[in-house]
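Below: one structure, written as structure tokens.
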Amino acid sequence: MRLRSHDWFLQSGQAGFKARSRMKNQGSPQQMFDGRPVIGICNTWSELTPCNAHLRILAEHVKRGVLEAGGFPLEFPVMSLGETLMRPTTMLYRNLVSMDVEESIRANPLDGVVLLVGCDKTTPAAIMGACSVDIPTIVVTSGPMLNGKFQGRDIGAGTDKWRFTDDWRSGSMSTADYIESETCMSRSDGHCMTMGTASSMACVVEALGLMLPGGGAIPAPDARRRRLCHYSGNRIVKMVAEDLKPSTILSRAAFENAIIVNAAIGGSTNVVLHLLAIAGRIGVELQLEDFDRLGADMPLLVNLKPAGEYLMEEFYYAGGLPVVLQNLKSVIDLDAITVTGASHAANTEGAVCYDDEVITTIDKPFQERAGIAVLRGNLCPDGAVIKPSAATPSLLRHRGRAIVFNSLDDFHQRIDDPALDVDENSVLVLQNVGPKGFPGMPEVGNMSLPRKLLEKGVRDMLRISDGRMSGTAYGAVVLHVAPESAVGGPLALVREGDMIELDAPARRLHLDVPPEEMERRRREWEASTLDDARGYTRIFLDHAQGADRGVDLDILVGASGPGLEYATDAQVKS
Ligand code: FES
């Protein structure tokens, strides 16, 4: 079987000499260049990405598996995206990392690739890049952290941070306890152990079929994650022999399974953006409406924060995603093929649930409807999303007076002003935090509530923006409003005091302003430009698509495949 790497390492003459000779400076013996599959280990390790900081250790276990199976493992770095440190937002750079991954794979003598990812954006970014090349690919995530432990109870990353911050701001939690809780929240390797975006994406990747069964939930420090790495190294070598590529695995059925699973696990709204972008790369037609049609009415089968009580450790010990897939067999396509070469049905047969407080069945759900609802209306002609399971039920049908912030700075300056004319029935509106408005679309949609209302005990209000929300967050939060305000979407035309109606069961978001007044405001509206932006931000501003298209760059949609014939010719002549 002719492999890509043969065009480098099996060449005669100067080109082959150059390719092999320089690799030997790392100690690789001659037999590594005998035509065996070359496996890239694409590593998003970085000390600036704490969730991925142990990935070099995991890479060693992948290498063992590759070597054992007769492959030649070569680890390479790509840009990493640390959710907690990067500014303005990691989402700005998701597409940049996807380019790094795509070009690194295509430009090098690789026959298969293992993607080592974990923190929120690293997972979709690497998959998007790999899909645009489409050589055999398997994903290993960094794994969730162990449960946080604080004052005798379990606490979850993100979700409890939001709660503690509200308590601290309202004066019901001391500063000393607040600081102590941050130490207790992150006590091991791994990503957020709530069902935030990282855990949601890990489960979704498993549901897509791109990860070995059960791999999404294994805690990061658990030795079984290292074994998963070893097995993934074994398996990618066989995938090369079978020519089992993402385009074979990522069928329309795979995406539908992923949407349903994300609903059943109470997964993140960010998954909507990432699945749309991945589908665009691999050529599967996926629409915003698919998330509502397939997921909105799905019951909640997993009792994890932020929608429930437990954390990823308990989810793994209860049986993890294989149990969820089996429990969903009446509504998903278990015949979909996976990286094992077998179907989900074969992979998960006999999966046992060890704790029905954590994973339940479809006829005894923790909530009746857990999925993401897609809204339409004159405020969001191209759609918006809300996660009803995370909202106060009484706010899902709500009419209130808009309090409008035209930027994140404006919000920070005024939200705690005692003179702000706001009450618990008001609707907080934040403009200009969409993909182009605040380049990258930050996770600010779950705006913190005015201090004076927190002190009264208010813990939820209707909030609307064109931004995103952390997967660990909760509340009556309408997100991803499209078109965004920065390109002149109706959200830009909302004024203080306008009445806004949300009817989530009817999927309607309405601005109660007459069309002629909207037209007048539109004529007055002026785009705020970022003309001085340069470099990658310039490329992003010129090419980012809307939230309804997954915010991928229009120039990156689709695939160029693995071929580099023109470069091979040039190399031979050199
Ligand atoms: Fe990395 Fe939450 S901060 S997964």
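The values are calculated or read from the model by the stated rules, or taken from the named source; none is laboratory data. Not measured: the values here are computed from a predicted model. Quick reminder, even Gly has a Cβ in these numbers, built from the backbone with ideal geometry, and neighbours come from all protein chains shown.
Answer with yes or no whether G266 is in contact with a strand residue (DSSP E or B) (Cβ under 7 Å, 6 or more places away or on another chain) and modelled with pLDDT under 95. Taking the combined requirement at face value, the residue satisfies it.
Return the residue satisfying two criteria in turn: it lies in region 71-85 and is more than 10 Å from the ligand (Cβ to nearest atom) and touching a helix residue (DSSP H, G or I) at 6+ places or on another chain (Cβ under 7 Å), and of such residues it is nearest to G118 (Cα to Cα).
First pass over region 71-85, keeping only residues more than 10 Å from the ligand (Cβ to nearest atom): 71-80.
Now narrow it down to the ones that are touching a helix residue (DSSP H, G or I) at 6+ places or on another chain (Cβ under 7 Å): 71-73, 75-76, 78-80.
Details: G71: 24, F72: 24, P73: 20, E75: 17, F76: 16, V78: 13, M79: 13, S80: 10 Å.
Checking each candidate, the answer is S80.
Can you pull out the residues in region 122-173 that are of a type in the set (G, A, S) and either within 16 Å of the ligand (Cβ to nearest atom) or surrounded by fewer than 24 Cβ atoms within 10 Å (Cβ to Cβ) (or both)? Selection gives A125, A126, S142, G143, G148, G152, G156, A157, G158, S170, G171, S172. Here A107 fulfils each of the conditions (1) under 17 Å from V133 (Cβ atoms); (2) among the small types (G, A, S); (3) within 15 Å of the ligand (Cβ to nearest atom) apart from (3). Number of residues in region 174-233 that are within 14 Å of the ligand (Cβ to nearest atom) and polar (S, T, N, Q) equals 6. If you go through region 194-218 and pick out every residue that is under 17 Å from L301 (Cα atoms) and of a type in the set (A, V, I, L, M, F, W, C), you end up with 7. Under the condition of being at pLDDT below 95 and among the small types (G, A, S), the residues counted in region 489-533 number 3.
In this entry, G371 passes the filter for residues that are closer than 22 Å to G550 by Cβ and either at pLDDT below 95 or assigned to a strand (DSSP E or B) (or both). Please go through region 289-308 and pick out each residue that is crowded, with 24+ Cβ neighbours inside 10 Å and assigned to a helix (DSSP H, G or I). Residues satisfying the conditions are F291, G295. For region 378-395, which residues satisfy the criterion of being farther than 16 Å from I259 by Cβ, small (G, A, S) and at pLDDT below 95? Those that are farther than 16 Å from I259 by Cβ, small (G, A, S) and at pLDDT below 95: A390, A391. When K161 is tested against (1) under 30 Å from G40 (Cβ atoms); (2) in contact (Cβ under 8 Å) with a residue 24 or more places away in the chain; (3) of a type in the set (D, E, K, R), just one condition goes unmet, and that condition is (1). Out of T89, T84, T44, one residue alone is closer than 27 Å to G471 by Cβ, without any contact (Cβ under 8 Å) to a residue 40 or more places away in the chain and of a type in the set (V, I, T). It is T84.
Among residues belonging to region 44-70 that are within 16 Å of the ligand (Cβ to nearest atom) and in contact with a Lys or Arg (Cβ under 8 Å, 6 or more places away or on another chain), point out the one that is nearest to R94 (Cα to Cα). Even if it seems obvious, please write down each step before you answer.
We begin by selecting, within region 44-70, every residue within 16 Å of the ligand (Cβ to nearest atom); these are 44-55, 58.
Those left that are additionally in contact with a Lys or Arg (Cβ under 8 Å, 6 or more places away or on another chain): 45, 58.
Numbers: W45: 15, L58: 22 Å.
My answer is W45.
Results for (1) touching a helix residue (DSSP H, G or I) at 6+ places or on another chain (Cβ under 6 Å); (2) of a type in the set (D, E, K, R); (3) closer than 24 Å to E206 by Cα, shown as yes or no for each residue.
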residue: N347; (1), (2), (3): no, no, yes
residue: V352; (1), (2), (3): no, no, yes
residue: V358; (1), (2), (3): yes, no, yes
residue: R397; (1), (2), (3): no, yes, no
residue: R401; (1), (2), (3): no, yes, no
residue: H412; (1), (2), (3): no, no, no
residue: I415; (1), (2), (3): no, no, no
residue: P435; (1), (2), (3): no, no, no
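Take residues that are touching a Gly at 6+ places or on another chain (Cβ under 9 Å) and tell me which of the strands (runs of 3 or more DSSP E) falling wholly in region 96-179 contain 3 or more.
Numbers: elements: 112-117, 137-141, 148-150, 153-155.
Output list reads 112-117, 137-141.
Out of R20, R2, report the one residue that is more than 30 Å from T90 (Cβ to Cβ), free of Cβ contacts under 8 Å to residues at least 24 places away in the same chain and in contact with a helix residue (DSSP H, G or I) (Cβ under 7 Å, 6 or more places away or on another chain). I'd like the intermediate steps shown before the answer.
Numbers: R2 fails: in contact with a helix residue (DSSP H, G or I) (Cβ under 7 Å, 6 or more places away or on another chain).
After applying the criteria, what remains is R20.
Just checking, does region 74-83 include any residue being among the small types (G, A, S), modelled with pLDDT of 95 or more and under 16 Å from T197 (Cβ atoms)? Among the residues of region 74-83, at least one is among the small types (G, A, S), modelled with pLDDT of 95 or more and under 16 Å from T197 (Cβ atoms), which makes the answer yes.
Applying a threshold of 6 Å to beta carbon distances and a minimum spacing of six or more residues, or different chains, the list of pairs starting in region 303-329 at a residue that is among the charged types (D, E, K, R) and ending at one that is part of a helix (DSSP H, G or I) reads K305/T159. Residues that are surrounded by fewer than 21 Cβ atoms within 10 Å (Cβ to Cβ), at pLDDT 95 or above and of a type in the set (S, T, N, Q): does region 253-260 have at least one? No, the conditions are met nowhere in region 253-260. The criterion of at least 1 residues that are out of contact with any Phe, Trp or Tyr (no Cβ under 9 Å at 6 or more places or on another chain) and of a type in the set (S, T, Y) is met, among helices (runs of 4 or more DSSP H) falling completely within region 1-74, by 13-23.
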